[in-house]
Amino acid sequence: MKKNFKEVVFSGVQPTGNLHLGNYLGAIKNFVELQKKMECIYCVVDLHAITIFQEPKNLKKHILETVAGFIACGLDVKKSIIFNQSSVSGHAELAWIFNCVSRIGWMNRMTQFKEKAGSDKEKASVGLYVYPNLMAADILLYKATHVPVGDDQKQHLELSRDIAQKFNNDYKSENFFPIPEPLIHKGFSRVMSLRDGSKKMSKSEESDYSRINLTDSSDDIVKKIKKAKTDSLSIPDSIKDLEGRPEALNLLNIYSSLKNSKIEKTLEQMAGKDFSKFKENLSEILIDIICPIGKKIKDLKKDENYLQKTLEDGSSKASKIATKNLKEIKKIVGFPLY
Ligand code: TYM
């Protein structure tokens, strides 16, 4: 029989540089909504970040910047637990247990490893390979039931579900771990690069013109949107006519998402306009929403002590839950407890 688990939300963001519009629309905006109705735990995943080498002094800076980004986007430290992954050792401990539950065949199917490792897989870190097991540990250490993420994390979430299921079966602990539900936007779950509508917007793409960073100035935004790739056709009145036009679809999706409305409604309002006019509207709404966030990030970054204290408080709250759950897990696995 399926047990009713307490609803807990968990998600993570890597501290590998500037947060961008993809992180905001794909994940963090949703984090903010969820904290109004559920217990939420949001983690700056620094253990994940080092699967690709990070300069130590930059890593620390980026961790604090990510916390500033969370708060600037509307996360409230009184409602959500905000902490960094390496401060709670249970993540690494449970990841090891999951390395022993998860299967090599499952790992070999992970498309993100293939993309990130590139053509020379022999040179990728072992950490990058087992990265999804650590993700499962993040989620299940808190017995989280709901995981808000962008579409690019869907396969990792499916793996977390498989790991939870296999652990429960192998250790004859039916219903010990919940099977976590991904929360992915139905309409628009992947913000694409402004330069190439077939690639997702990402921190790692070389050209800064491919993304809107949350700290971009209004001038940057106008320039980037002006330069964003489109095509010579005008805006159609139905989604069907956007087939084969990924860049046009992406800009219209971004606009609709910022307006909290459906793309159909945007098409109704914009049909017939050419993209140069639409881009002015898009820049305006981006400036309205993103620039205040960027300003807040810059202000928060000046108060390093506050950001550090936020992490410390969050870490102590997260540790309490993690320690209790890890004890139960170790008992199930058969490790002696003292
Ligand atoms: P990361 O740091 O790459 O991205 C953080 C969140 O932003 C979303 N995202 C996007 N959404 C839509 N369009 C885009 N272009 C885009 N780019 C990024 C991601 O889907 C993600 O939700 N492995 C994860 C972090 C992680 C995690 C976890 C997430 C570690 N442990 C446990 C959930 C639960 C990652 O690298 O996200």
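Selection of the stretch 163-191 for residues being farther than 24 Å from Met107 by Cβ and without any contact (Cβ under 8 Å) to a residue 60 or more places away in the chain yields Lys172, Glu174, Lys186.
Being within 11 Å of the ligand (Cβ to nearest atom), over 30 Å from Ser315 (Cα atoms) and not in a loop (DSSP other than H, G, I, E, B) is a description that applies to Ile254.
Remark: pairs (first residue in the stretch 314-338, touching a residue at least 40 places away in the same chain (Cβ under 8 Å); second residue assigned to a helix (DSSP H, G or I) and among the hydroxyl-bearing types (Ser, Thr, Tyr); Cβ separation under 6 Å; 6+ apart in sequence or on different chains) = Ser315/Ser87. Scoring Phe53 on the criteria (1) under 19 Å from Glu205 (Cα atoms); (2) touching a Leu at 6+ places or on another chain (Cβ under 7 Å); (3) more than 13 Å from the ligand (Cβ to nearest atom) leaves a single failure, condition (2). The selection criterion, being hydroxyl-bearing (Ser, Thr, Tyr), away from the ligand (no atom under 16 Å from the Cβ) and either at pLDDT below 95 or part of a strand (DSSP E or B) (or both), holds for Ser232.
Of everything in the stretch 144-165 that is of a type outside the set (Val, Ile, Thr) and either at pLDDT below 95 or in contact with a Lys or Arg (Cβ under 8 Å, 6 or more places away or on another chain) (or both), the residue that is farthest from the ligand (Cβ to nearest atom) is Gln155. Among the residues making up the stretch 203-229, a single one is at pLDDT below 95 and under 20 Å from Cys73 (Cβ atoms): Lys203. Across the stretch 108-128, what is the number of residues that are more than 18 Å from the chain's Cα centre (by Cα), under 12 Å from Ile52 (Cβ atoms) and either surrounded by 14 or more Cβ atoms within 10 Å (Cβ to Cβ) or not charged (D, E, K, R) (or both)? Final tally of qualifying residues: 5.
Inside the stretch 199-211, residues that are in a loop (DSSP other than H, G, I, E, B) and either touching a helix residue (DSSP H, G or I) at 6+ places or on another chain (Cβ under 7 Å) or within 8 Å of the ligand (Cβ to nearest atom) (or both) make up a count of 4.
Checked against the criteria, Leu64 counts as away from the ligand (no atom under 13 Å from the Cβ), surrounded by 19 or more Cβ atoms within 10 Å (Cβ to Cβ) and hydrophobic (A, V, I, L, M, F, W, C).
Of all residues in the stretch 212-219, none satisfies being assigned to a helix (DSSP H, G or I), farther than 23 Å from Pro292 by Cβ, in contact (Cβ under 8 Å) with a residue 40 or more places away in the chain and more than 14 Å from the ligand (Cβ to nearest atom). Take the conditions (1) under 22 Å from Asn281 (Cβ atoms); (2) under 21 Å from the mean Cα position of the chain (by Cα); Ile221 misses just one of them, which is (2). Per the listing Asn260, Asn253, the residue uniquely at positive phi and within 22 Å of the chain's Cα centre (by Cα) is Asn260.
Matching residues to (1) closer than 26 Å to Thr66 by Cα; (2) surrounded by 15 or more Cβ atoms within 10 Å (Cβ to Cβ):
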site	(1), (2)
Leu141	yes, yes
Ala144	yes, yes
Gly150	yes, yes
Ile163	no, yes
Pro180	yes, yes
Ser217	yes, no
Lys226	no, no
Arg245	no, yes
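The values are calculated or read from the model by the stated rules, or taken from the named source; none is laboratory data. If you're wondering where the values come from, they're calculated on a predicted model, not measured in any experiment. Cβ sites come from the backbone with ideal geometry, for glycine too, and all protein chains shown count toward neighbours.
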